[in-house]
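Remarks on the structure that follows.
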Amino acid sequence: MKYSLTLNDLVDKRYNLHTHTYRCKHATGEDREYVEKAIKAGYEVLGFSDHMPHVFDNKYISRIRMTMDELEGYVHSIESLKKEYQKDITIYLGLEAEYFPTTYERSMAIIDQYPLDYMILGQHFLDDEIGYKHVGKSGQDESVLSAYVDRVLEALDLERFIYVAHPDIVNYIGDDETYAKHMLRLLNEFKKRNLPIELNMGGFRDGYHYPSKRLIQLGLENKNDFIIAADAHMPEEIADYETYNILKKSLDI
Ligand SMILES: [Zn+2]
Ligand SMILES: [Zn+2]
């Protein structure tokens, strides 16, 4: 693995590694407020994983992530909070990344200059974001479901990701058999690599199609591990016990 932090280091700790900042243009609050909420909520570990900047073609500027120019300020802010709050909470510096084969090398050439502790994979798009073909709009198209699973599997081979955020973000609405055929390729790979299925509190809160009951069912039958993550886009979402408890209950068989 590229980074030293693993989920094994966090066993028995109260942690959340899925936290955003205002830089992604769809989150609010100051970085410090997330830290203070996490401390109050009793977390021992807080990881920041804002949406990773990519160097897109034709100078395309994403409306859902920081620009590469903002990366330095992000790193600096999280690194200073790490020191300032070290007595109260362990803070890690991460990013939620997409694997876009066409831009990967050039984006990582810049990202790798910074001292990240971990990366989460959050594959919202298949190729790049231009045109906004979100995998959440896959409908009944099996080829999108299949391509999504292929892309995530390719990304895991990069040995960079501590886990996969909302693996059920792909929104295939066709029959259960086809869904299971492809998603089990993913879930079996998760087991091989000791990766959990993330149940995403943000998706639940916002009424999205994930966490998917179908995926939870498959994961339970397949004996996968699960984690529940805040995907906080507002400081108070770190301490959203109500959603946490509902998701936890969905794992009771
Ligand atoms: Zn986001
Ligand atoms: Zn996220």
Task: Choice from L17, L184, L121 showing the highest fluctuation, given a GNM over the chain with Cα pairs closer than 10 Å - done: L184
Task: Formal net charge of residues neighbouring P115 (Cβ-Cβ distance under 14 Å; K, R +1; D, E -1) - done: -1
Open item on the list: If each residue of separation counts as 0.36 nm, what is the full-extension length gain between K248 and Y60 once their alpha-carbon separation is subtracted?
Closed with: 63.7 nm
Open item on the list: How are the alpha carbon pair distances in the range 78-154 distributed across 5 Å bins from zero to the largest one, expressed in percent?
Closed with: 3, 13, 19, 19, 14, 11, 9, 7, 4, 1, 0
Task: Nearest-0.05 FRET efficiency for K223 and E30, computed from C-beta distance (R0 41 Å) - done: 0.50
Open item on the list: I need to check one value: relative contact order of the chain, counting alpha carbon pairs closer than 8 Å and at least 6 residues apart, in percent.
Closed with: 20
Task: Kirkwood Rh and Cα Rg combined as Rg over Rh, evaluated for the range 139-252 - done: 0.96
Open item on the list: Treating the range 1-92 as a set of equal point scatterers at the Cα positions, no solvent, please give the Debye-formula log₁₀ I(q)/I(0) at q = 0.13, 0.14, 0.17 Å⁻¹.
Closed with: -0.48, -0.55, -0.78
Open item on the list: Students sometimes get this wrong: rank Y244, Y15, Y208, Y179 by accessible area, probe 1.4 Å, all chains present, largest first.
Closed with: Y208, Y244, Y15, Y179
Open item on the list: I want to verify a result. In a Gaussian network model of the chain, Cα cutoff 10 Å, which of these has the top mean-square fluctuation: D240, D57, D168?
Closed with: D57
Task: Listed residues H51, H134, H166, most fluctuating in the chain (Gaussian network, C-alpha, under 10 Å) - done: H134
Task: Share of carbon and sulfur in the accessible heavy-atom surface of the chain [1.4 Å probe, %] - done: 49
- [ ] Over the chain, give the accessible area per residue in Å² for a 1.4 Å probe, as an integer.
- [x] 47
- [ ] Quick one: P(r) of the chain from all Cα-Cα pairs, 10 Å bins, percents rounded to integers, in order of increasing distance.
- [x] 7, 32, 38, 20, 3, 0
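The values are calculated or read from the model by the stated rules, or taken from the named source; none is laboratory data. Because the structure is a prediction, the values reported are computed rather than measured. In this analysis, Cβ positions are derived from the backbone assuming ideal geometry, glycine residues included, and neighbour counts consider all displayed protein chains. All accessible areas refer to the heavy atoms of the entire protein, side chains included, with ligands and DNA or RNA removed. Shrake-Rupley method; radii C 1.70, N 1.55, O 1.52, S 1.80 Å.
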